[in-house]
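A.B. asks: Take a look at the following structure, please.
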Amino acid sequence: MKNLKMFFFKILFISLMVALSMKGSGINLEDLQNFFHHNLETITLLSFPLLFLLTIYMLSRPKPVYLVDFSCYLPPSHLKVSVKTLMEHARRAREAGVCWKNKENDYLIEFQQKILERSGLGQETCIPEGLQCFPLQQGMAASRKETAEVIFGALDNLFRNSGVKPGEIGILVVNSSTFNPTPSLASMIVNKYKLRDNIKSLNLGGMGCSAGVIAIDVAKGLLQVHRNTYAIVVSTENITQNLYLGKNKSMLVTNCLFRVGGAAILLSNRSRDRARAKYELLHTVRIHTGSDDRSFECATQEEDEDGIIGVTLTKNLPMVAARTLKINISTLGPLVLPMKEKLAFFVTFLKKKYFRPELKNYTPDFKLAFEHFCIHAGGRALIDELEKNLKLSPLHVEASRMTLHRFGNTSSSSIWYELAYTEAKGRMKEGDRIWQIALGSGFKCNSSVWVALRNVKPSVHNPWEDCMDRYPAEIDI
């Protein structure tokens with residue numbers, strides 16, 4: 001609608017300028033009116049192609065996608081656990097015969113403690129109730145309970161803050177990588193909020209920590225087809241069912257990093273929602289290198305030698321992640337970088353290919369394209385590597401480090417806790433551009449780019465509002 005108004009304004013302006021120029025050149029406007037009057041039929045016929053092309057443009061152009069609001073789940077305080085408490089739980093589990101039953105397996109507990117101490121996680125991350133009791137409750141009921149509390153907690157707050165009623169939602173996209181019961185999580189939401197019968201719902205599973213951006217991209221595509229509607233994206237992961245109790249060290253790493261969390265995002269393609277929306281979606285870039293065996297196998301859910309299910313992380317993971325990230329950056333760069341950076345990249349590429357093969361690849365300065373970076377809080381090493389490779393400052397990665405410290409790795413929802421952190425700090429100004437980037441099994445690297453439509457204030461019950469005075473926290477490196 002805005003583009004259409006601008007088009008007609010330009011036509012009016014040009015017509016006025018033509019009329020004034022004709023008047024100044026001595027051309028009789030009355031004669032011109034008579035000409036149009038006697039040749040109306042011809043002019044009408046000639047205008048049909050223009051109107052046809054204008055109609056095609058208006059119908060085929062991408063519809064803007066607005067982020068009206070989003071909400072991150074804040075776990076209750078009784079779920080918080082310190083590193084010391086986690087280690088006590090592990091020792092109690094061994095003494096109770098739940099896992100690592102023999103004394104000689106104490107090295108596994110020590111291994112996890114070392115990982116935790118170096119992980120960048122703080123003393124207030126949360127694990128579900130089913131993993132804080134003995135015997136452990138890892139069944140379907142406990143897993144459903146955790147996921148329901150996370151999803152409904154985020155959605156209740158989102159509906160309350162936005163004022164949108166559940167019956168107005170036309171599209172629902174849910175992603176959870178390893179917990180996919182029947183009926184699906186999407187069906188669970190439809191049942192809870194009594195969503196309408198013709199809702200377009202999808203449930204994405206097995207897509208790892210990058211699935212949150214995939215869900216946004218899927219919702220964007222559906223919003224191009226279905227007019228004047230709202231879409232909700234829900235990103236979460238289940239911890240209860242995925243605690244690994246075996247002896248494989250590579251599988252124990254996930255126990256140390258993943259924590260309870262989830263987010264719900266409200267999108268709209270209605271032009272009238274622009275006035276109250278926080279952001280507009282500019283780009284989504286999805287890269288999937290799963291055709292390569294090393295990429296496909298670097299993070300795999302499987303059974304260990306004792307038949308216990310866990311997620312194996314191979315030694316190829318850093319190399320695969322770097323390669324997939326490079327492809328994503330090279331795809332995103334031309335869409336967002338200023339011309340100077342594009343030219344520098346192109347010149348370096350030509351020099352390296354034809355004249356100096358030893359020349360290092362040129363890394364564009366993405367700080368010229370974005371004011372804020374939401375890097376998936378997958379772990380300290382991931383954040384360190386991206387900070388180094390993209391030549392970012394500590395301030396640029398502050399949201400990612402603090403999210404890892406306060407909430408741990410909440411999988412696909414971590415990029416939303418980071419955006420909430422930036423809002424809570426009062427740093428989001430009108431026109432600011434945000435780059436959300438996430439990596440996940442498969443192997444995938446996905447990006448979404450947003451622009452702030454106003455000076456964004458944190459929504460009610462922002463997950464950081466009870467602790468913002470303590471952040472940024474000092475983290476031992």
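A.B. asks: Restricting to the range 98-115, give me the number of residues that are modelled with pLDDT of 90 or more and either touching a strand residue (DSSP E or B) at 6+ places or on another chain (Cβ under 7 Å) or open to solvent by 30 Å² or more (accessible area, probe 1.4 Å) (or both). Outline the logic, then answer.
C.D. replies: Taking the range 98-115 and keeping what is modelled with pLDDT of 90 or more, we get 111-115.
In the following step, the residues that additionally are either touching a strand residue (DSSP E or B) at 6+ places or on another chain (Cβ under 7 Å) or open to solvent by 30 Å² or more (accessible area, probe 1.4 Å) (or both) were identified as 111, 113-115.
Of the residues in the range 98-115, 4 are modelled with pLDDT of 90 or more and either touching a strand residue (DSSP E or B) at 6+ places or on another chain (Cβ under 7 Å) or open to solvent by 30 Å² or more (accessible area, probe 1.4 Å) (or both).
A.B. asks: Do you know which residues across the range 225-249 are open to solvent by less than 30 Å² (accessible area, probe 1.4 Å) and either assigned to a helix (DSSP H, G or I) or not assigned by the TED database to the domain that holds Thr182 (or both)? Full working, then the answer.
C.D. replies: Restricting attention to the range 225-249, the residues satisfying the condition of being open to solvent by less than 30 Å² (accessible area, probe 1.4 Å) are 229-240, 244, 246.
Residue satisfying the conditions is Thr240 alone.
A.B. asks: Are any residues in the range 345-370 within 27 Å of Gly431 (Cβ to Cβ) and basic (Lys, Arg), and if so, which ones?
C.D. replies: If the condition is that a residue be within 27 Å of Gly431 (Cβ to Cβ) and basic (Lys, Arg), then Lys367 is the only one that fits.
A.B. asks: May I pose another question? How many residues are without any contact (Cβ under 8 Å) to a residue 12 or more places away in the chain and open to solvent by 50 Å² or more (accessible area, probe 1.4 Å) when one looks only at the range 303-315? Give the steps one after another, and end with the answer.
C.D. replies: Keep residues of the range 303-315 that are without any contact (Cβ under 8 Å) to a residue 12 or more places away in the chain, which gives 303, 307, 315.
Now restrict to residues that are open to solvent by 50 Å² or more (accessible area, probe 1.4 Å): 303, 315.
Of the residues in that region, 2 qualify.
A.B. asks: Just for the range 116-144: of the residues that are under 30 Å from Arg470 (Cα atoms) and polar (S, T, N, Q), which one is modelled with the lowest pLDDT?
C.D. replies: Gln132
A.B. asks: Sticking with this structure for a sec: If a residue has to be out of contact with any helix residue (DSSP H, G or I) (no Cβ under 9 Å at 6 or more places or on another chain) and open to solvent by 10 Å² or more (accessible area, probe 1.4 Å) to count, how many in the range 433-465 make the cut? Before the answer, list the steps.
C.D. replies: The initial filter retains those residues of the range 433-465 that are out of contact with any helix residue (DSSP H, G or I) (no Cβ under 9 Å at 6 or more places or on another chain), namely 451-455.
Checking the rest, the ones that are also open to solvent by 10 Å² or more (accessible area, probe 1.4 Å) come to 451, 453-455.
Qualifying residue count, the range 433-465: 4.
A.B. asks: Which ones in the range 283-307 are part of a helix (DSSP H, G or I) and under 30 Å from Arg433 (Cβ atoms)?
C.D. replies: Passing the criteria: only Ser295.
A.B. asks: Just a yes or no: is a residue in the range 78-97 in a helix (DSSP H, G or I), closer than 30 Å to Ile232 by Cα, modelled with pLDDT of 65 or more and not basic (Lys, Arg)?
C.D. replies: Of the range 78-97, the ones in a helix (DSSP H, G or I) are 78-79, 83-95.
Applying the additional criterion that residues be closer than 30 Å to Ile232 by Cα yields 78-79.
Narrowing the set further to residues that are modelled with pLDDT of 65 or more leaves 78-79.
Of the ones still in play, those that are also not basic (Lys, Arg) are 78-79.
Scanning the range 78-97, I find at least one residue that is in a helix (DSSP H, G or I), closer than 30 Å to Ile232 by Cα, modelled with pLDDT of 65 or more and not basic (Lys, Arg), so the answer is yes.
A.B. asks: Now for a different question. Condition check: open to solvent by less than 60 Å² (accessible area, probe 1.4 Å) and at positive phi. Does Ser411 satisfy that?
C.D. replies: Working: open to solvent by less than 60 Å² (accessible area, probe 1.4 Å): yes; at positive phi: yes.
Here the answer is yes, as Ser411 does meet what is asked.
A.B. asks: Would you check which residues across the range 204-224 are modelled with pLDDT of 95 or more, part of a helix (DSSP H, G or I) and either acidic (Asp, Glu) or more than 19 Å from Ser71 (Cβ to Cβ) (or both) and list them?
C.D. replies: Passing the criteria: Cys209, Ser210, Ile214, Asp217, Val218, Lys220, Gly221, Leu222, Leu223, Gln224.
A.B. asks: What number of residues in the range 285-319 are small (Gly, Ala, Ser) and touching a strand residue (DSSP E or B) at 6+ places or on another chain (Cβ under 6 Å)?
C.D. replies: Restricting attention to the range 285-319, the residues satisfying the condition of being small (Gly, Ala, Ser) are 290-291, 295, 299, 307, 310.
Subsequent filtering for residues that are touching a strand residue (DSSP E or B) at 6+ places or on another chain (Cβ under 6 Å) retains 299.
Selection size over the range 285-319: 1.
Residue-by-condition table, conditions (1) among the hydroxyl-bearing types (Ser, Thr, Tyr); (2) free of Cβ contacts under 8 Å to residues at least 12 places away in the same chain; (3) closer than 30 Å to Lys84 by Cα; (4) outside any loop (DSSP other than H, G, I, E, B):
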{"residue": "Gln138", "(1), (2), (3), (4)": "no, no, yes, no"}
{"residue": "Val150", "(1), (2), (3), (4)": "no, no, yes, yes"}
{"residue": "Gly153", "(1), (2), (3), (4)": "no, no, yes, yes"}
{"residue": "Asn157", "(1), (2), (3), (4)": "no, no, no, yes"}
{"residue": "Val173", "(1), (2), (3), (4)": "no, no, no, yes"}
{"residue": "Asn180", "(1), (2), (3), (4)": "no, no, no, no"}
{"residue": "Ile189", "(1), (2), (3), (4)": "no, no, no, yes"}
{"residue": "Leu195", "(1), (2), (3), (4)": "no, no, no, no"}
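A.B. asks: So which residues in the range 358-379 are in a helix (DSSP H, G or I) and open to solvent by less than 10 Å² (accessible area, probe 1.4 Å)? Please lay out each step first, then the result.
C.D. replies: First, pick out the residues of the range 358-379 that are in a helix (DSSP H, G or I): 366-368.
Residue satisfying the conditions is Phe366 alone.
A.B. asks: Checking the condition touching a residue at least 40 places away in the same chain (Cβ under 8 Å), part of a helix (DSSP H, G or I) and exposed (fewer than 15 other Cβ atoms within 10 Å of the Cβ), which residue from Leu335, Leu386, Leu382, Leu350 passes? I'd like the intermediate steps shown before the answer.
C.D. replies: Values: Leu386 fails: exposed (fewer than 15 other Cβ atoms within 10 Å of the Cβ); Leu382 fails: exposed (fewer than 15 other Cβ atoms within 10 Å of the Cβ); Leu350 fails: touching a residue at least 40 places away in the same chain (Cβ under 8 Å).
One residue alone meets the criteria, Leu335.
A.B. asks: Return the only residue of Lys425, Lys429, Lys388 being of a type in the set (Lys, Arg), over 16 Å from the mean Cα position of the chain (by Cα) and under 23 Å from Ser119 (Cβ atoms). Quick ask: steps written out before the conclusion?
C.D. replies: Details: Lys425 fails: under 23 Å from Ser119 (Cβ atoms); Lys429 fails: under 23 Å from Ser119 (Cβ atoms).
The conditions single out Lys388.
A.B. asks: Go over the candidates Asn238, Asn203 one by one and state the one that is closer than 30 Å to Phe134 by Cβ, in contact with a Ser or Thr (Cβ under 7 Å, 6 or more places away or on another chain) and of a type outside the set (A, V, I, L, M, F, W, C). It would help to see each step written out before you state the result.
C.D. replies: Numbers: Asn203 fails: closer than 30 Å to Phe134 by Cβ.
Step by step, each of Asn238, Asn203 is checked, and only Asn238 is closer than 30 Å to Phe134 by Cβ, in contact with a Ser or Thr (Cβ under 7 Å, 6 or more places away or on another chain) and of a type outside the set (A, V, I, L, M, F, W, C).
Rundown of residues vs (1) open to solvent by 20 Å² or more (accessible area, probe 1.4 Å); (2) within 20 Å of Ile383 (Cβ to Cβ); (3) in the same structural domain as Gly206 (by the TED database), yes/no style:
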residue	(1), (2), (3)
Val253	yes, yes, yes
Ile265	no, no, yes
Asp273	no, no, yes
His288	yes, no, no
Gln301	yes, no, no
Leu317	yes, yes, no
Thr324	no, yes, no
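A.B. asks: Let me ask something additional. Take the range 158-182 and flag every residue that is open to solvent by 10 Å² or more (accessible area, probe 1.4 Å), in contact with a strand residue (DSSP E or B) (Cβ under 9 Å, 6 or more places away or on another chain) and within 21 Å of Glu237 (Cβ to Cβ).
C.D. replies: Ser177, Thr178, Asn180
A.B. asks: Just one of (1) touching a helix residue (DSSP H, G or I) at 6+ places or on another chain (Cβ under 8 Å); (2) under 28 Å from Val460 (Cα atoms); (3) of a type outside the set (Lys, Arg) trips up Ile214, so point out which.
C.D. replies: With respect to (1) touching a helix residue (DSSP H, G or I) at 6+ places or on another chain (Cβ under 8 Å); (2) under 28 Å from Val460 (Cα atoms); (3) of a type outside the set (Lys, Arg), Ile214 is out only on (1).
The values are calculated or read from the model by the stated rules, or taken from the named source; none is laboratory data. Everything numeric in this text was worked out from a predicted model, so none of it was measured. Cβ: placed from backbone, ideal geometry, glycine included. Neighbour counts: every protein chain shown. Areas reflect the complete protein model, heavy atoms only, side chains present, ligands, DNA and RNA absent. Shrake-Rupley method; radii C 1.70, N 1.55, O 1.52, S 1.80 Å.
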